[in-house]
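For reference, the structure discussed in these notes is given below.
Quick note: the coordinates plus some simple rules give every number you see, no bench work behind them. Bear in mind the structure is a predicted one, so any value in this text is a computation, not a measurement. Glycine also receives a Cβ, built like all others from the backbone with ideal geometry; neighbour counts cover every protein chain displayed.
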């Protein structure tokens, strides 16, 4: 079965809906003052709650893109969510500080879709062939 089949399309719709819902929930929590105040800890790292919230949002967006690309479906999220994550990662730091988290920046045209520019910024190649689902 190729990635464009009905199963992949349903999976893609569910993936995008789940990601959008999770991102919207993260955004609502961050808009509430208690969601941004103070320090918090995750994975042994302590940071301001606002930064950790943006990191969590970034994780949802980027790994959702990874899954969508792997199974060969389009991944569409609201521009305002993508912009928050893009702004968080732009400009990229030196590669020595990115090692272990992101590969080298992949060049993407300035007029490309925001999701594609975000993918390139975080070491993902938006031009890599989509995956396929096999039976």
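What the table below lists for this structure:
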| read-out | value |
| --- | --- |
| Solution diffusion estimate, µm²/s, Stokes-Einstein, segment 36-135, Kirkwood Rh from C-alpha pairs, 4 °C, viscosity 1.567 mPa s | 88 µm²/s |
| Which of 59, 80 has the fewest Cβ neighbours within 10 Å, and the rest in rising order | 80, 59 |
| Pair residue 76, residue 36: separation of 7 Å Cα→Cβ label points (nm) | 3.0 nm |
